[in-house]
Amino acid sequence: SSGINAEYGVKPKGANMAQTMPIRFQEHLQLTNIGINSANIGFSMITMESDKFICIREKNGDQSQVVIVDMADANNPMRRPISADSAIMNPTSKVIALKAGRTLQIFNLEMK
C-alpha cells in the first residue's frame, strides 16, 4: 500500500479561516510486515494508547500471545505468551495492563 498521507484543516469554534490548524495523517507501519496475522488486526484486538506503543492480542490456533510494538523500534516487536481479554501499554513507560475476566494484572516489562 502507498500509505496514508493526507492533511485536513480543523477549524476551532469561532475561528476564522486564518486560524485553521492542519492535522496530518501518515502511515508509519504495516502490522503485517512485522508478522501480525491480518485476522488479528481490528479494533477488538489492538490498542494504541499513545504514539509510543501498540498492543496486539493474537490468537493462532490454541496459542494466545500479546505482541507489543514499541514505535521507537517498530521492526522488533516483543511477543509474550499471554492470554488476555484486553491489553494496553502505559503511554510513557514499559508497563502493560492485562485484563482477563474480572482480573486486572499490571506488569513492568523492564523488571525481571
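The values are calculated or read from the model by the stated rules, or taken from the named source; none is laboratory data. Please read all numbers here as calculations on a predicted model, not as lab measurements. Glycine also receives a Cβ, built like all others from the backbone with ideal geometry; neighbour counts cover every protein chain displayed. Side chains are part of the model used for accessible areas, which takes the heavy atoms of the whole protein and leaves out ligands, DNA and RNA. Shrake-Rupley method; radii C 1.70, N 1.55, O 1.52, S 1.80 Å.
Residue count for segment 1-43, restricted to those that are surrounded by 10 or more Cβ atoms within 10 Å (Cβ to Cβ) and at pLDDT 90 or above: 10. Scanning segment 86-105 for residues that are open to solvent by 80 Å² or more (accessible area, probe 1.4 Å) and outside any strand (DSSP E or B), we see that the one that is nearest to ILE46 (Cα to Cα) is THR92.
Just so you know, in segment 55-69 the residues that are free of Cβ contacts under 8 Å to residues at least 24 places away in the same chain and open to solvent by 20 Å² or more (accessible area, probe 1.4 Å) include one that is nearest to VAL95 (Cα to Cα), and it is GLN65.
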